[in-house]
1. Looking only at region 54-86, which residues are within 23 Å of residue 323 (Cα to Cα) and among the hydroxyl-bearing types (Ser, Thr, Tyr)?
2. Tell me which strands (runs of 3 or more DSSP E) are completely within region 212-291 and hold 2 or more residues being surrounded by 15 or more Cβ atoms within 10 Å (Cβ to Cβ), assigned by TED's automatic domain parsing to the domain that holds residue 146 and in contact (Cβ under 8 Å) with a residue 12 or more places away in the chain, or say none if there are none.
3. Tell me, please, whether a residue that is among the small types (Gly, Ala, Ser), more than 23 Å from the chain's Cα centre (by Cα) and in a loop (DSSP other than H, G, I, E, B) can be found in region 38-45.
4. For residues that are assigned to a strand (DSSP E or B) and not charged (D, E, K, R), scanning just region 22-37, find the one that is surrounded by the most Cβ atoms within 10 Å (Cβ to Cβ).
5. Quick one: in region 285-329, of everything that is touching a strand residue (DSSP E or B) at 6+ places or on another chain (Cβ under 6 Å) and of a type in the set (Gly, Ala, Ser), which residue is farthest from residue 75 (Cα to Cα)?
6. Take the residues of region 87-106 that are without any contact (Cβ under 8 Å) to a residue 40 or more places away in the chain and within 18 Å of residue 325 (Cα to Cα): which is surrounded by the most Cβ atoms within 10 Å (Cβ to Cβ)?
7. Determine which single condition residue 187 fails, assuming it passes every other condition in (1) surrounded by 15 or more Cβ atoms within 10 Å (Cβ to Cβ); (2) outside any strand (DSSP E or B); (3) over 17 Å from the mean Cα position of the chain (by Cα).
Amino acid sequence: MSVKWGIIGPGRIADAVAPDFAHVPGAELVAVASRSAERGAEFARRHGIERAHTGYRAILDDPDVDVLYVATPHPQHRAIALAAIEAGKALMVEKAFTVSSVATREIAAASRNRGVFVMEAMWTRFFPAVVRLRELVAEGAIGEVRSVQADLGVRNRTADDDRFFSPELGGGALFDLGVYVVSFAQMLLGSPGTVAASGALTPSGVDLEESILLGWPDGRSAALQVSLQCAMPGSARVIGTEGWIEVPPRFHHPDRIVVHRHGADPEELVLPATGRGYSHEIEEVTRRVAAGETESPVMPLADTVAVQDVMAAVADRVGMIPEEGPASL
């Protein structure tokens, strides 16, 4: 019996994700919802989807949809997620999960109270290369992990009509790129004790870049950089007492890792993803929902809350005030 999916928000990221449903046995993409009837119908035609709903409420009332993938801009996630949980729909919510710790905690609490599956769409954690990296760390292949380094930057020109530079649509380097580097560090080191950050803002208050230093009481650290105005390699390094693991560009969707052990030659492990790479997170949600589970142990809500707390601290340090979306759907 298949798990039937719907998409809310047929934008650029949904366009990239939709084809990967074909790579997941047991997952069936059956509906899409858009505020624009024309845009929803075109998306459905392009991806062979049965039904296109006009308005988000309509897909919540669709009895043939088990899981919703929320692909709208970040400030809209809270209202959509709470309404979907109330309707009993399982959720995969695009990152950044929300634009505040308060909203993230509210969704997590609603999920647990209602017993409805919710997971952040942090696709990086499900890539075969990252799965193997975590296994190697757990096996002690590089000793105790003491430091994480990661960067992610693209050179964008600001434009008034670009979502990346719109305060109302959750634009900025932190929510679009910072979530990757922070989540990567949190995955390996847990929640930090200290957060230091510096950055640059546009006149409208959108952040262009951040340099982030996370610290732990025992001396472990993470050095992270993101930018919307400077191209960066997009690589990551996990440094331990007995070696290090390099994740070549782009680390947030890698097809290989390189293991450096003291006294040994580097070992490159090539581990390609299926499809465009989104199939692995879709498979995780499909499997968990089919089993009646309410969280993913790979991307639990506690980790999403922890990442959001760090991003909230970074926003505070650089003087960015995120704009919340509507209070209700």
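1. 56, 69, 72
2. Of the strands (runs of 3 or more DSSP E) lying wholly inside region 212-291, those with at least 2 residues that are surrounded by 15 or more Cβ atoms within 10 Å (Cβ to Cβ), assigned by TED's automatic domain parsing to the domain that holds residue 146 and in contact (Cβ under 8 Å) with a residue 12 or more places away in the chain span 221-227, 236-240, 243-247, 256-261.
3. No, there is no match, as no residue in region 38-45 is among the small types (Gly, Ala, Ser), more than 23 Å from the chain's Cα centre (by Cα) and in a loop (DSSP other than H, G, I, E, B).
4. For region 22-37, the residue satisfying everything is 32.
5. By that ranking, first place goes to 290.
6. 93
7. Here residue 187 meets the rest and fails (3).
One line per residue, one yes/no per condition, for (1) farther than 27 Å from residue 228 by Cβ; (2) crowded, with 20+ Cβ neighbours inside 10 Å; (3) in contact with a helix residue (DSSP H, G or I) (Cβ under 8 Å, 6 or more places away or on another chain):
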| position | (1), (2), (3) |
| --- | --- |
| 122 | no, yes, yes |
| 128 | yes, no, yes |
| 133 | no, yes, no |
| 138 | yes, no, no |
| 168 | no, no, yes |
| 177 | no, yes, no |
| 181 | no, yes, no |
| 193 | yes, no, no |
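The values are calculated or read from the model by the stated rules, or taken from the named source; none is laboratory data. Computed from a prediction, not measured in an experiment: that's the story for all the values here. Glycine gets a Cβ as well: all are built from the backbone with ideal geometry, and neighbour counts include every protein chain shown.
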